[in-house]
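> Sending over a structure as structure tokens; questions will come in a sec.
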Amino acid sequence: MTNKLTVQDIIFTLEQYWADQGCMLMQAYDNEKGAGTMSPYTFLRAIGPEPWNVAYVEPSRRPADGRYGENPNRLYQHHQFQVLMKPSPDNIQELYLGSLKELGIDPLEHDIRFVEDNWENPSMGCAGVGWEVWLDGMEVTQFTYFQVVGELPMSPVAAEVTYGLERLAEYIQNVDSVYDLEWADGVLYGDIFQEPEYEHSKYAFEESNQDMLLQDFNDYEKEAKRLIKLGLVHPAYDYVLKCSHTFNLLDARGAVSVTERAGYLHRIRIMAKSIAKAFVEERRKRGFPLIHDEAVRQKTVEEYTEKAEKAKERAAKKAAKKAQKEDK
Amino acid sequence: MANTYLLEVGVEEMPAHVVTPSIKQLHQRVANYLKEQRITFDDIQEFATPRRMALLIHGLSDKQPDVDESVKGPAKKIAQDADGNWTKAAIGFTRGQGATVEDIEFKNVKGVEYVFVEKHIAGKNVAEVLQGLPTVITSMTFPTLMKWGYNNLQFIRPIRWLVSLLNQEVVPFKILDVEAGRETQGHRFLGHPVEIAKADDYEELLNNDFVIADQAKRKKLIKNQIEKIVNENDWQVDWDEDLLEEVNNLVEWPTAFAGSFDKKYLALPDAVLITSMKDNQRFFCVRDHDGKLLSHFISVRNGNTDYLDNVIKGNERVLVPRLEDAQFFYQEDQKLTIDEYVERLKKVSFHDKISSMYDKMQRVAVIANVLGKQLNLTDTELADLNRAAHIYKFDLTTQMVGEFAELQGIMGEIYAKLFGEKDDVATAIREHYMPISAEGELPQTKIGAILAIADKLDSIMSFFAVDMIPSGSNDPYALRRQAFGIVRIIADRGWHLPLLNIQTEIIPAFEAANIETNFDLNRNSAEVRTFFLDRIKQLFHGRKIRHDVIDAATDTRQDDVANILDAVQTIDEHKDDESFKEDIEALTRVLRIAKKDKRPVSELSVNPDLFENPSEAKMYTAVSELPEEGQQTVSEAFAALRTLAPVISEYFDENMIMDKNEDIRNNRLAQLSILANQTALIGNLDNLIVK
């Protein structure tokens, strides 16, 4: 670690490394979200039988974590470097450790540990098993084998590796405040982000229009539900992301009581769940094109079609029963 | 020949708390499997690290013992036709046993001749039996399970390698696509893949490759390393066995080291420093000889001493922002007042269906006051209790507890003192959470104990009132633990409180205090009573008291938990007395006849003018001389009742209870009912088994 990597060097290095491991490099998704997991490149693509290997940087907004640009470690928006590999490769831990070496972090010169930390995002119906990775006692990465996404059990299982870029960069550049990080040659993190951090915090905690946000949440929810019915998975999901961010803004403002909180999260979860299901169905209709082995692809499509037809039959029977009841 | 077998299951890092129970589980399952398979062995040695579970089994027998077995077939008359030819039934049977009709013998079973075949089953050799281990391994259970890749197997973490070595030979098997072999893995960073020539070499080879596989040896090493650091610096260390156990299961090659932080953070309360270091970073705290925390810590690295400075610096750096945050919260929290924090509790929900935390405190204050008066608290004590009950949850809205939830109550006490509350009030705030576990420590102060009871009682009554009653394993609010906590506190203090019927006192008290609830406390009150009685039973089952004694004392009209506890103990103490059987039989005779009297006992009286025999007057005097209810302890009452045994016998000898004359009959029944009602204070003596 003689020549300190800038933040953008770190991003380049990770991108190059994971691209070499077979990951596609995607771009950040253009909708506000609380974590890289919520990008459709993870949330949707983790679901279903198709293989998917991807890496991208995701700016992640957490309004309640804003500190007006004053706290050296807490941010309204931070950056995650997100890797998703499905199916999870057998050597995923070694691949991850390889990325640290690329960043100049030699495991023999540090103490690296995988400490149990199971991950859960109840509002999106997601749960996984894994670790936080400690680098000399500092958590720099979240490592998760997804087990359930959108309340659907995973098959195959995807492994997600999420680097906290600011944390990692602070360690690599040996600075104690995120604002002292060098983003690019001669430009500090603070030069770029201190002002927006202040303004977003001011907005989220003091100036947001609660009535508008409450109305927005309801409108977005309505739109999402309408789109789900139309089978328009991606636009529907965009509105779920908007709901989620709107809720986070309301929450930061203290406009949501503990009781209401559970209610909002439940509403988001219901939508996420039906979108997850609809996504698999739409991919099936397209014949799961990312399965490149033709025989496997056909077999998988058959399996899923059979399942889908059975589900349809069940739904029809249920509807008929209901109709009968109503006739009586 | 005595064989040695090595089994190693290599996994991605297991959670630290799972390592020890898992190796014990694997040990048990493998031992059971070998027993089932009739393979004997001398002993099983356990090895476990976060990345491996291994067993070294010594003295294994070569094979299962052979078995000679006589297998019974059809009866002779079915096996042979009239001409003595073998029937299809006989041929089929022998074929099924891998024999021929030539092998058939006849034996007499209860007078009937049957076909028998003598079978010799050669025992399988040990290697063949060991090939059955995959099912043993994959049937293990864990607190959390996961799948990986394309597999459907649920396990604690992905299985990455398997070693299966019988002496020098690999016993081949496969779990998913992992083939068992002789290659293990050394330390993740310092080590290499290691070929094991023979099973016995396992521990030493791993040791050469920076893995101490024996948990006990590893723990001892950590302890020694820490002690060395402590002695060199003239420190004392907070030995915490749970932390040591956790740390031990986070490393394969431990190296302890010391780090330090800025002395200015020592101004923080100890609890805050300890939480920041221990719970978040798994650091051991150190103290000087006066027991004062020092600005140093000890941690354990998973590796050797190379580049240790990097590791120390890194760990020191992680701690600073945590302490910085804590210091910020500590200063900020002191800028507000308790009243302001209490006000915020109006927005904190206790439970959606019940109320806010603020409203809960109002209810608890009333309950605490009812309890305090029952216990004859002084005016000062009542005032302190009242103050504590009105503020005791305030720390939930401080920033410190928001960040470090585990400090709830502890920060409450610290802040309360800083804000000028009396010590008794401050301590009660911390103690109201106690006991935190089934066997946890109880509150030390009287006010703390009453607040703890009131807080738990309110939770139980209100959850029951909104139909959220624990059932089976479903007890999300730990109401059983809370009720058990109340019973333990009362047992500890010997307090007399009419807890089982406390609703009747609390409801008017709520009304008097203008407390409104959106639920009806009377709803499910019978269930609350049963719930408490079940906890009392639990307490005594834990103390190995005879079941019938517990059943007798808890089938009671008592409301006072202490009296029920007393009744169990009283009966238990006297159950082996010489006259116990006689006395109980006399009293239960009264109970059985009194059951025939369906009139409410409160309306009954005995008229001496209707007496026909002297024994009736004797009985009348004896019963009316029994001390009044509430004027005696349970054990005194029990002793007094037992003295009536001869009087009762005489009474039954001389008097026909179900007399033809209705007035006389009712008069005698009334006498017995009144007496029976007295015995009900002890419990239902009819449940006792007297031999």
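> Could you run through region A:1-54 and say how many residues are of a type in the set (A, V, I, L, M, F, W, C) and either farther than 27 Å from A:Val149 by Cα or in a helix (DSSP H, G or I) (or both)?
First, the residues of region A:1-54 that are of a type in the set (A, V, I, L, M, F, W, C): A:1, A:5, A:7, A:10-12, A:14, A:18-19, A:23-26, A:28, A:35, A:38, A:43-44, A:46-47, A:52, A:54.
Keeping just the survivors that are either farther than 27 Å from A:Val149 by Cα or in a helix (DSSP H, G or I) (or both) gives A:1, A:5, A:7, A:10-12, A:14, A:18-19, A:38.
Total satisfying the criteria: 10.
> Away from chain B (no Cβ under 14 Å), modelled with pLDDT under 95 and surrounded by fewer than 23 Cβ atoms within 10 Å (Cβ to Cβ), is that true of A:Gly190?
Values: away from chain B (no Cβ under 14 Å): yes; modelled with pLDDT under 95: no; surrounded by fewer than 23 Cβ atoms within 10 Å (Cβ to Cβ): yes.
Answer is no for this residue.
> Follow-up question, since we're still on this one. Consider B:Arg95 carefully, then state whether it is buried (at least 17 other Cβ atoms within 10 Å of the Cβ) and among the basic types (Lys, Arg). If you could, list the steps in order and put the result at the bottom.
Numbers: buried (at least 17 other Cβ atoms within 10 Å of the Cβ): no; among the basic types (Lys, Arg): yes.
For B:Arg95, the condition - buried (at least 17 other Cβ atoms within 10 Å of the Cβ) and among the basic types (Lys, Arg) - is not met.
> Out of the strands (runs of 3 or more DSSP E) lying entirely within region A:112-168, which hold 2 or more residues that are among the small types (Gly, Ala, Ser) and surrounded by 23 or more Cβ atoms within 10 Å (Cβ to Cβ)? Explain how you work it out, then say what you get.
Working: elements: A:112-116, A:119-121, A:126-135, A:138-149, A:159-164.
In region A:112-168, A:126-135 are the strands (runs of 3 or more DSSP E) which contain 2 or more residues that are among the small types (Gly, Ala, Ser) and surrounded by 23 or more Cβ atoms within 10 Å (Cβ to Cβ).
> In addition: Quick one: would you say A:Glu32 is surrounded by 18 or more Cβ atoms within 10 Å (Cβ to Cβ), acidic (Asp, Glu), in contact with a Ser or Thr (Cβ under 7 Å, 6 or more places away or on another chain) and at pLDDT 95 or above? Write out each step before concluding.
Values: surrounded by 18 or more Cβ atoms within 10 Å (Cβ to Cβ): yes; acidic (Asp, Glu): yes; in contact with a Ser or Thr (Cβ under 7 Å, 6 or more places away or on another chain): no; at pLDDT 95 or above: yes.
So A:Glu32 fails the test.
> Among the residues in region A:260-273, are any among the hydroxyl-bearing types (Ser, Thr, Tyr) and outside any helix (DSSP H, G or I)?
Checked against the condition, which is being among the hydroxyl-bearing types (Ser, Thr, Tyr) and outside any helix (DSSP H, G or I), region A:260-273 yields no hits at all.
> While we're here: Can you name the condition, by its number, that A:Gly231 falls short on among (1) outside any helix (DSSP H, G or I); (2) within 14 Å of chain B (Cβ to nearest Cβ); (3) surrounded by fewer than 19 Cβ atoms within 10 Å (Cβ to Cβ)?
For A:Gly231, the exception is condition (2).
> Out of region A:118-138, which residues are more than 9 Å from chain B (Cβ to nearest Cβ) and of a type in the set (Asp, Glu)? Lay out the reasoning, then the answer.
Here is the first cut: in region A:118-138, the residues more than 9 Å from chain B (Cβ to nearest Cβ) are A:119-127, A:132-133.
A:Glu120, A:Glu132, listed by residue number.
> If you don't mind, there's one more thing I want to ask. If I filter region B:478-491 for residues that are more than 23 Å from the chain's Cα centre (by Cα), at negative phi and not aliphatic (A, V, I, L, M), do I get at least one hit?
No, there is no match, as no residue in region B:478-491 is more than 23 Å from the chain's Cα centre (by Cα), at negative phi and not aliphatic (A, V, I, L, M).
> Filter region A:169-192 down to the residues that are without any contact (Cβ under 8 Å) to a residue 12 or more places away in the chain, not in a helix (DSSP H, G or I) and not small (Gly, Ala, Ser), then identify the one that is nearest to A:Ala127 (Cα to Cα).
Among those residues, the one meeting the criterion is A:Val175.
> Hey, among B:Glu241, B:Glu252, which residue is closer than 30 Å to B:Glu46 by Cα, surrounded by 16 or more Cβ atoms within 10 Å (Cβ to Cβ) and assigned by TED's automatic domain parsing to the domain that holds B:Thr305?
After ruling out the rest, the residue left standing is B:Glu252.
> State all residues of region B:258-317 that are part of a helix (DSSP H, G or I), within 14 Å of another protein chain (Cβ to nearest Cβ) and more than 15 Å from A:Leu135 (Cα to Cα); if no residue qualifies, say none. Write out each step before concluding.
Filtering region B:258-317 for residues part of a helix (DSSP H, G or I) gives B:263-267, B:270-281, B:308-317.
Remaining after also requiring within 14 Å of another protein chain (Cβ to nearest Cβ): B:276-281, B:308-317.
B:Ser276, B:Met277, B:Lys278, B:Asp279 - these are the residues of region B:258-317 that are part of a helix (DSSP H, G or I), within 14 Å of another protein chain (Cβ to nearest Cβ) and more than 15 Å from A:Leu135 (Cα to Cα).
> If you don't mind, another one. Listed residues B:Ile593, B:Ile550, B:Ile571; which is modelled with pLDDT of 90 or more and either surrounded by fewer than 21 Cβ atoms within 10 Å (Cβ to Cβ) or closer than 18 Å to B:Thr643 by Cβ (or both)? Step through it out loud before you land on a result.
Values: B:Ile593 fails: modelled with pLDDT of 90 or more; B:Ile550 fails: either surrounded by fewer than 21 Cβ atoms within 10 Å (Cβ to Cβ) or closer than 18 Å to B:Thr643 by Cβ (or both).
On inspection, the qualifying residue turns out to be B:Ile571.
> If you check B:Val401, B:Val320, which single one turns out to be closer than 30 Å to A:Val140 by Cβ, hydrophobic (A, V, I, L, M, F, W, C) and either within 13 Å of chain A (Cβ to nearest Cβ) or more than 35 Å from the chain's Cα centre (by Cα) (or both)? Before the answer, list the steps.
Numbers: B:Val401 fails: either within 13 Å of chain A (Cβ to nearest Cβ) or more than 35 Å from the chain's Cα centre (by Cα) (or both).
From the options B:Val401, B:Val320, the qualifying one is B:Val320.
> Then there's this: Quick one: in region B:184-208, of everything that is within 14 Å of chain A (Cβ to nearest Cβ) and crowded, with 18+ Cβ neighbours inside 10 Å, which residue is nearest to A:Asp106 (Cα to Cα)?
Start the filter on region B:184-208 by keeping residues that are within 14 Å of chain A (Cβ to nearest Cβ), which leaves B:185-193.
In the following step, the residues that additionally are crowded, with 18+ Cβ neighbours inside 10 Å were identified as B:185-189.
Working: B:Gln185: 19, B:Gly186: 18, B:His187: 15, B:Arg188: 13, B:Phe189: 9 Å.
Here the residue is B:Phe189.
> Being facing chain B (nearest Cβ under 10 Å), under 16 Å from B:Gly314 (Cβ atoms) and not polar (S, T, N, Q) narrows it down to one residue among A:Glu94, A:Glu109; which is it? Please lay out each step first, then the result.
Working: A:Glu94 fails: under 16 Å from B:Gly314 (Cβ atoms).
Being facing chain B (nearest Cβ under 10 Å), under 16 Å from B:Gly314 (Cβ atoms) and not polar (S, T, N, Q) holds for just one of A:Glu94, A:Glu109, which is A:Glu109.
> Checking the condition over 25 Å from B:Phe540 (Cα atoms), crowded, with 16+ Cβ neighbours inside 10 Å and either of a type outside the set (Lys, Arg) or not assigned by TED's automatic domain parsing to the domain that holds B:Ile354 (or both), which residue from B:Ala491, B:Ala509 passes? Before the answer, list the steps.
Working: B:Ala491 fails: over 25 Å from B:Phe540 (Cα atoms).
That would be B:Ala509, the only listed residue that is over 25 Å from B:Phe540 (Cα atoms), crowded, with 16+ Cβ neighbours inside 10 Å and either of a type outside the set (Lys, Arg) or not assigned by TED's automatic domain parsing to the domain that holds B:Ile354 (or both).
> Of the residues in region B:491-526, how many are under 23 Å from B:Ala553 (Cβ atoms) and either modelled with pLDDT under 90 or in a loop (DSSP other than H, G, I, E, B) (or both)?
Within region B:491-526, the first condition is being under 23 Å from B:Ala553 (Cβ atoms), and the residues that meet it are B:491-504, B:525-526.
Now narrow it down to the ones that are either modelled with pLDDT under 90 or in a loop (DSSP other than H, G, I, E, B) (or both): B:491, B:494-504, B:525-526.
Summing the residues that are under 23 Å from B:Ala553 (Cβ atoms) and either modelled with pLDDT under 90 or in a loop (DSSP other than H, G, I, E, B) (or both) in region B:491-526 gives 14.
Table: residues versus (1) under 28 Å from the mean Cα position of the chain (by Cα); (2) over 30 Å from A:Asp216 (Cα atoms).
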| residue | (1), (2) |
| --- | --- |
| A:Asn248 | yes, no |
| A:Arg261 | yes, no |
| A:His266 | yes, no |
| A:Ala272 | yes, no |
| A:Arg286 | yes, yes |
| A:His292 | yes, yes |
| A:Thr300 | yes, yes |
| A:Lys317 | no, yes |
| A:Ala320 | no, yes |
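> Would you mention how many residues in region B:259-270 are touching an Asp or Glu at 6+ places or on another chain (Cβ under 9 Å) and either without any contact (Cβ under 8 Å) to a residue 40 or more places away in the chain or buried (at least 18 other Cβ atoms within 10 Å of the Cβ) (or both)?
Within region B:259-270, the subset touching an Asp or Glu at 6+ places or on another chain (Cβ under 9 Å) is B:259-261, B:265.
Going one step further and asking which of them are either without any contact (Cβ under 8 Å) to a residue 40 or more places away in the chain or buried (at least 18 other Cβ atoms within 10 Å of the Cβ) (or both), we end up with B:259, B:261, B:265.
Going through region B:259-270 one residue at a time, the tally reaches 3.
> Pull out all pairs, ordered by first then second residue, where Cβ-Cβ is under 8 Å, the residues are six or more apart or on different chains, the first lies in region B:175-192 and is closer than 17 Å to A:Ile112 by Cα, and the second is in a loop (DSSP other than H, G, I, E, B) and of a type in the set (A, V, I, L, M).
The qualifying pairs are B:Gly186/B:Val211; B:His187/B:Val211; B:Gly191/B:Val211.
> Does any residue of region A:203-221 turn out to be closer than 30 Å to B:Gly149 by Cα, away from every other protein chain (no Cβ under 14 Å) and either surrounded by fewer than 16 Cβ atoms within 10 Å (Cβ to Cβ) or small (Gly, Ala, Ser) (or both)?
In the first step, residues of region A:203-221 are kept if they are closer than 30 Å to B:Gly149 by Cα; the result is none.
Checked region A:203-221: no residue is closer than 30 Å to B:Gly149 by Cα, away from every other protein chain (no Cβ under 14 Å) and either surrounded by fewer than 16 Cβ atoms within 10 Å (Cβ to Cβ) or small (Gly, Ala, Ser) (or both).
> Where residues in region B:430-459 are surrounded by fewer than 22 Cβ atoms within 10 Å (Cβ to Cβ) and of a type in the set (A, V, I, L, M, F, W, C), which of them is nearest to B:Tyr415 (Cα to Cα)?
Pass one, region B:430-459, residues surrounded by fewer than 22 Cβ atoms within 10 Å (Cβ to Cβ): B:433-442, B:444-446, B:459.
Pick out the ones that are also of a type in the set (A, V, I, L, M, F, W, C) and you get B:434, B:436, B:438, B:442.
Working: B:Met434: 19, B:Ile436: 21, B:Ala438: 28, B:Leu442: 22 Å.
Among residues in region B:430-459 that are surrounded by fewer than 22 Cβ atoms within 10 Å (Cβ to Cβ) and of a type in the set (A, V, I, L, M, F, W, C), the one nearest to B:Tyr415 (Cα to Cα) is B:Met434.
> Pairs please, first residue from region A:258-284 and within 14 Å of chain B (Cβ to nearest Cβ), second anywhere and of a type in the set (Lys, Arg) and in a helix (DSSP H, G or I), Cβ atoms under 8 Å, 6+ apart in sequence or on different chains.
Within 8 Å, the pairs are A:Val258/B:Lys347.
> So which of A:Asp251, A:Asp238 ends up being crowded, with 16+ Cβ neighbours inside 10 Å, touching a residue at least 60 places away in the same chain (Cβ under 8 Å) and within 14 Å of chain B (Cβ to nearest Cβ)?
Just one listed residue meets the conditions, A:Asp251.
> Have a look at B:Val112, B:Val171, B:Val163 and point out the one that is surrounded by fewer than 18 Cβ atoms within 10 Å (Cβ to Cβ), away from chain A (no Cβ under 13 Å) and in contact (Cβ under 8 Å) with a residue 12 or more places away in the chain. So that I can check it myself, show each step before the final result.
Details: B:Val171 fails: surrounded by fewer than 18 Cβ atoms within 10 Å (Cβ to Cβ); B:Val163 fails: surrounded by fewer than 18 Cβ atoms within 10 Å (Cβ to Cβ).
One residue alone meets the criteria, B:Val112.
The values are calculated or read from the model by the stated rules, or taken from the named source; none is laboratory data. Note that the structure is a prediction, hence the values are computed from the model and not measured. Cβ coordinates were reconstructed from backbone atoms using ideal geometry, including for glycine residues, and neighbour counts include every protein chain displayed.
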